[in-house]
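Student: Can you read through this structure? Questions will come right after.
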Amino acid sequence: MSAGKVQAELENSIAALETLRDSPDTLARVASLAETISSALAGGGRVWLFGNGGSAAAAQHIAAELVGRFRRDRAALPAEALSVNTSVVTAIANDYGFAQVFARQLEAQARPGDVAIGISTSGRSENVIVGLRTAKRLGLHTAALTGGDGGTLSHAASECIVVPVADTPRIQECHAVIGHVLCELVEAALE
């Protein structure tokens, strides 16, 4: 691989991040979601995160930063990624279908006042959409991280942060940065 290709990929990543940075609406949505998460946690609520593939990894990453620590030593914050219990995920998928893997877990564990965050680069992952609709029905605050045009997911959540690019790796990179910013703001708010 040539150094020129590496440089081009880095420039594409930077351009995607600049798109976020230069969107006052996106910046306001990230700040608003951080406030929502902080308020829920301060009130005894939990954060539930879910997605498929790379988005499942993003959900796990954010949950780990909240439960462990991001920058500051502080009390652990209650957050969970719903893709990590393979026995639960496969049992639900086998008995009820893959579209129900997040919804059933939310029905079992989530409570009004919690926050559910669904992540899908395309905005078209059926199980993430069903999960957010279930969360809304249960009285949770719902949020989505997505990309492109936002897909159906952008209408399934109360708050939606859309990375307005079409390239999946760039969307995932932006989601990672958004996740870090959320963790930074939440830690600062709960000091």
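Student: Look through ASN94, ASN127 and report the one residue that is in contact (Cβ under 8 Å) with a residue 40 or more places away in the chain, more than 13 Å from the chain's Cα centre (by Cα) and assigned to a helix (DSSP H, G or I). Talk me through it step by step, then tell me what you get.
Tutor: Numbers: ASN94 fails: in contact (Cβ under 8 Å) with a residue 40 or more places away in the chain.
Answer to the selection: ASN127.
Student: Hey, can you tell me all the residues within region 1-23 that are closer than 28 Å to ALA79 by Cβ and either exposed (fewer than 14 other Cβ atoms within 10 Å of the Cβ) or touching a Cys at 6+ places or on another chain (Cβ under 9 Å) (or both)?
Tutor: So the first thing to find is which residues in region 1-23 are closer than 28 Å to ALA79 by Cβ, and the list is 13, 16-17, 19-21, 23.
SER13, ALA16, LEU17, THR19, LEU20, ARG21 - these are the residues of region 1-23 that are closer than 28 Å to ALA79 by Cβ and either exposed (fewer than 14 other Cβ atoms within 10 Å of the Cβ) or touching a Cys at 6+ places or on another chain (Cβ under 9 Å) (or both).
Student: Could you tell me whether THR121 is on the phi < 0 side of the Ramachandran plot, in contact with a Cys (Cβ under 7 Å, 6 or more places away or on another chain) and modelled with pLDDT of 95 or more?
Tutor: Values: on the phi < 0 side of the Ramachandran plot: yes; in contact with a Cys (Cβ under 7 Å, 6 or more places away or on another chain): no; modelled with pLDDT of 95 or more: yes.
No.
Student: While we're on this one: Out of all the residues in region 38-59, is one or more touching a Phe, Trp or Tyr at 6+ places or on another chain (Cβ under 7 Å) and either part of a strand (DSSP E or B) or closer than 13 Å to ALA116 by Cα (or both)?
Tutor: Looking through region 38-59, at least one residue is touching a Phe, Trp or Tyr at 6+ places or on another chain (Cβ under 7 Å) and either part of a strand (DSSP E or B) or closer than 13 Å to ALA116 by Cα (or both).
Student: Taking region 145-155 as the search range and keeping residues that are under 13 Å from SER122 (Cβ atoms) and of a type outside the set (Val, Ile, Thr), which one is nearest to the chain's Cα centre (by Cα)?
Tutor: To start, the set of residues in region 145-155 that are under 13 Å from SER122 (Cβ atoms) comprises 145-154.
After this cut, where a residue has to be of a type outside the set (Val, Ile, Thr) as well, the list is 145, 147-151, 153-154.
Values: LEU145: 5, GLY147: 12, GLY148: 15, ASP149: 17, GLY150: 13, GLY151: 15, LEU153: 12, SER154: 12 Å.
Ranking the qualifying residues of region 145-155, first place goes to LEU145.
Student: Does GLU65 meet the test of being of a type in the set (Asp, Glu), in contact with a Cys (Cβ under 8 Å, 6 or more places away or on another chain) and assigned to a helix (DSSP H, G or I)? So that I can check it myself, show each step before the final result.
Tutor: Details: of a type in the set (Asp, Glu): yes; in contact with a Cys (Cβ under 8 Å, 6 or more places away or on another chain): yes; assigned to a helix (DSSP H, G or I): yes.
Criteria met by GLU65.
Student: In region 130-149, which residues are in contact with a Leu (Cβ under 8 Å, 6 or more places away or on another chain), surrounded by fewer than 24 Cβ atoms within 10 Å (Cβ to Cβ) and of a type in the set (A, V, I, L, M)?
Tutor: Correct list: LEU138 only.
Student: For region 150-191, name all the residues that are out of contact with any helix residue (DSSP H, G or I) (no Cβ under 7 Å at 6 or more places or on another chain), surrounded by fewer than 21 Cβ atoms within 10 Å (Cβ to Cβ) and within 20 Å of GLN60 (Cβ to Cβ).
Tutor: Within region 150-191, THR168, PRO169, HIS180, GLU184, GLU187 qualify.
Student: Restricting to region 53-88, name every residue that is within 11 Å of the chain's Cα centre (by Cα), surrounded by 20 or more Cβ atoms within 10 Å (Cβ to Cβ) and among the polar types (S, T, N, Q).
Tutor: The answer is SER55, and nothing else.
Student: Of everything in region 36-85, what is basic (Lys, Arg) and under 29 Å from SER122 (Cβ atoms)? Give them in sequence order.
Tutor: Taking region 36-85 and keeping what is basic (Lys, Arg), we get 46, 69, 71-72, 74.
Residue satisfying the conditions is ARG46 alone.
The values are calculated or read from the model by the stated rules, or taken from the named source; none is laboratory data. As the structure is a prediction and not an experimental result, all values here were calculated from the model. In this analysis, Cβ positions are derived from the backbone assuming ideal geometry, glycine residues included, and neighbour counts consider all displayed protein chains.
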